[in-house]
Structures are given as structure tokens and as C-alpha cells.
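Comments concern the structure below.
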Amino acid sequence: MKPKVVAILETRTGAHLAELISRRGAIPMLAPALEEVPDVEPQTVLALLQQWRAHPYKMVIFQTGVGTRALFQMTDTLGSTAELLQLLERAVVVVRGPKPVGELNARRVRIDIRAASPFTTEMVLESVADIPLEQSRVLVQRYGEANRRLCGALEARGAVVQEIATYRWALPVDTRPLKLLLEALASSRVDAVVFTSAVQVRNLCTVAASMTPAGQLGDLLNGLVVGSIGPVCTRALMQHGVKPSFEANPPKLGPLVAALDEALRA
């Protein structure tokens, strides 16, 4: 049987995911769909710490490992990490998933609340549901874009929410791999596509819209094996007319690859 071609849109762990897929006999096709652009300014962090001293945050929510690391790297540069650690000692520290846990453990930060799998915004909100937030200040470490659902829900409970940006998501500077993927999809040379974030879906749609023959994303993907890393990614696919073949459970690369292997064999 001819080996299956599996498109991968992941950037940071794309090579690792490709290796896992290769081990199962498929041919990976790498087409990174996003770029993480640093977006943390020294003056912003200094102003944050100054404001934090004057008006302490009751709760701090860390959403991503890369963003948590970027924040500490900036305070390292500024010589302010010790102060950040002291301020965190007086706040309720909440983490969204395992990656920020690793970064905080490396800094010996006490973690008070961990959102349950699949680490969605809903699970974060559920994890802090019993904490009174009326007139309380909450700091949210932003991931690649604003989490309006999280901030809006916290504000609805009376919290005063502030986000701190540490990086942002953008289209890769080189979009040729994405265009080659779309051409391969249009000519039926791809058997499966795996998505590991919602922004990958949106960015692929953006590039598809700029290509005349590509058409709608649903037209290209429905009928193939489409893998989703978790509920947020699945929701983005559905919004663009794509029904995933499976969703990884739990939302990690291992279960994603195992489910992909099963779907391709079926």
C-alpha cells in the first residue's frame, strides 16, 4: 500500500511531530502555519511591576509555557525577577496547562490551581469558580492573541482584568510551504492534515483565500482524515466548515498521533 501523506501545520514541535508520524509509516509534509513573534517591551514590564506593587493582583493566570518563559526572561534582563517572584507569592497562581507548570516549577513558583484537561478556557474558569473576584484585580498572561472569552467571563464576575502580552501569533514570513500544501490538497496529493491550534486553521484559511484555485477550506479538507488536538481547535475547524475525523484525548501529541494512525488504517 502506498504510504499516506500527512500534512503538519505545527511550527515549534513540527519536526518532532513529523518524526512520530514517520515512525508509523506515513510521509510527513511540513507546512508551518504560524510564527510566534516576541511582543514584550521592557517599559511595559517595568510599568506592570510598579502598578502591581501599588495595587496587588489577587490572581495571576498563566496560559502558555512560551509566554511564561518570555515574561521571566524579560525580568531577568531587567534584574526584576526577584521582585516578580515576591509579588507572585502574594497572589493566587493559576495555570492553564502543563507547559506553564514546567516554566513556573523551574522558577520555584507556588502553583495554587491547575485547570483540568483538556486545558480549555472553560476549564480555567471552572477551576476558579469558587474564588470571590468582586472588585479583585486579575492579571492574565496573554498567549498569541487576546482571550476575550476568559477576560469577559472574569469581568462578568466583577474582576478588574489586565492582560500582559509576551508574544503574538502571525503568519510565517515565508508562506510558500502553506501554498504548496494548498496546491497539494487541491490536486488530492494529501491523505490527512493534523491541526494543533485554532490559529493554524485561521491562517490556512487566510492563505487559501489569497489563492484563486484553492477555494473554501471545507472543500479541500472534508473527505480527508483531519485531526484536531483538542476542543478549541475543533471549534475553529467547525466554524470554517470542516468536520474533524477525530480529536485527541487527552490533547497531547502522543494521543493525536495514535488516533491519526488508527484513522488512516480505517
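Descriptive notes on the structure:
- Looking only at segment 31-47, and only at residues there that are within 21 Å of the chain's Cα centre (by Cα) and among the aliphatic types (A, V, I, L, M), the one that is surrounded by the fewest Cβ atoms within 10 Å (Cβ to Cβ): Val37
- A search for C-beta distances below 7 Å between a residue of segment 90-109 that is under 21 Å from Cys151 (Cα atoms) and outside the structural domain of His55 (by TED's automatic domain parsing) and any residue that is in a strand (DSSP E or B) and at pLDDT below 95, counting only pairs 6+ apart in sequence or on different chains, returns nothing.
- In segment 99-129, the residue that is surrounded by the most Cβ atoms within 10 Å (Cβ to Cβ) out of those that are part of a loop (DSSP other than H, G, I, E, B) and of a type in the set (S, T, N, Q) is Thr120.
- In segment 179-266, counting only helices (runs of 4 or more DSSP H) that sit wholly within it, the ones holding 3 or more residues that are under 23 Å from Glu19 (Cβ atoms) and without any contact (Cβ under 8 Å) to a residue 40 or more places away in the chain span 253-265.
- The set of residues in segment 173-200 being modelled with pLDDT of 95 or more and within 17 Å of the chain's Cα centre (by Cα) consists of Val194, Phe195, Thr196, Gln200.
- Hits in segment 51-89 - residues which are surrounded by 14 or more Cβ atoms within 10 Å (Cβ to Cβ), small (Gly, Ala, Ser) and either modelled with pLDDT of 95 or more or under 21 Å from Arg148 (Cα atoms) (or both): Gly65, Gly67, Ser80
- Lone qualifier among Ala31, Ala18 - being farther than 17 Å from Val201 by Cβ and either touching a Leu at 6+ places or on another chain (Cβ under 9 Å) or at pLDDT 95 or above (or both): Ala18
The values are calculated or read from the model by the stated rules, or taken from the named source; none is laboratory data. Everything quoted here is computed from the prediction, not taken from an experiment. A quick note on method: Cβ atoms are made from the backbone with ideal geometry, for glycine too, and the neighbour counts reach across all protein chains shown.
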